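Only one structure is covered here, and it is reproduced in the block below.
The values are calculated or read from the model by the stated rules, or taken from the named source; none is laboratory data. As the structure is a prediction and not an experimental result, all values here were calculated from the model. As a convention, Cβ positions derive from the backbone with ideal geometry for all residues, glycine included, and neighbour counts pool all protein chains shown. All accessible areas refer to the heavy atoms of the entire protein, side chains included, with ligands and DNA or RNA removed. Shrake-Rupley method; radii C 1.70, N 1.55, O 1.52, S 1.80 Å.
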Amino acid sequence: MSSEIMENEVIVENVSRLLIPVIMLFGAYVIGHGHVSHGGGFQGGVIVSAAFVLYILVYGLEKGRGFANQTVRRLMESGGTLIFIIAGMAAIIWGGNFLEYPAIPLPYPDPTITLTFIALLEIAIGITVTAIIISIFITMGGETRK
């Protein structure tokens, strides 16, 4: 019976070893194309964090903590929020309202500037959501904040 359990673990580890990069790549795709299609930072962040959750479920909480340690998660949480705030404040600097990108003074109207800022916001949201969901999952597994 125990050899069956070990064999099943090998299968799960090998399948997850193949799936985790694909899940992360799909999450990055959803984040990257959120400004022009369905999806975006939140949905992509949840997909990427699902890959981390799968890693933790397959390899254990201790390995998961090493894979996404607390310092990196805190930097991702605050870094994504900081990117969002800086991108929003850029419009204020150019004379508009928070997150109002048509206010950017250009000699000609350029919609790619608006799309670039929206893409930057989607990336920031994806980073933040990923870090927060991973932190919640690891905290529920028994990690305490220091």
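When you scan region 44-60, do you find a residue that is of a type in the set (Gly, Ala, Ser), in contact (Cβ under 8 Å) with a residue 60 or more places away in the chain and on the phi > 0 side of the Ramachandran plot, even just one?
no
Against the conditions (1) of a type in the set (Phe, Trp, Tyr); (2) under 28 Å from Pro111 (Cβ atoms); (3) crowded, with 18+ Cβ neighbours inside 10 Å, where does Phe52 fall short? Just the number, please.
(2)
Kindly provide the set of residues from region 48-76 that are modelled with pLDDT of 85 or more, among the small types (Gly, Ala, Ser) and under 15 Å from the mean Cα position of the chain (by Cα), ordered by number.
Within region 48-76, Ser49, Ala50, Ala51 meet the criteria.
Looking only at residues that are in contact with a helix residue (DSSP H, G or I) (Cβ under 8 Å, 6 or more places away or on another chain) and among the charged types (D, E, K, R) in region 55-98, which one is surrounded by the fewest Cβ atoms within 10 Å (Cβ to Cβ)?
Checked region 55-98; the qualifying residue surrounded by the fewest Cβ atoms within 10 Å (Cβ to Cβ) is Lys63.
Quick grid of which residues meet (1) assigned to a helix (DSSP H, G or I); (2) not β-branched (Val, Ile, Thr):
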| site | (1), (2) |
| --- | --- |
| Val10 | yes, no |
| Ser16 | yes, yes |
| Ala28 | yes, yes |
| Ser37 | no, yes |
| Val48 | yes, no |
| Ala51 | yes, yes |
| Leu82 | yes, yes |
| Ala90 | yes, yes |
| Phe98 | no, yes |
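Quick one: count up the residues across region 116-143 that are of a type in the set (Asp, Glu), over 17 Å from Val30 (Cβ atoms) and either open to solvent by 40 Å² or more (accessible area, probe 1.4 Å) or in a helix (DSSP H, G or I) (or both).
0
Among the residues of region 23-40, what is the count of those that are in contact (Cβ under 8 Å) with a residue 24 or more places away in the chain and closer than 20 Å to Pro111 by Cβ?
Final tally of qualifying residues: 5.
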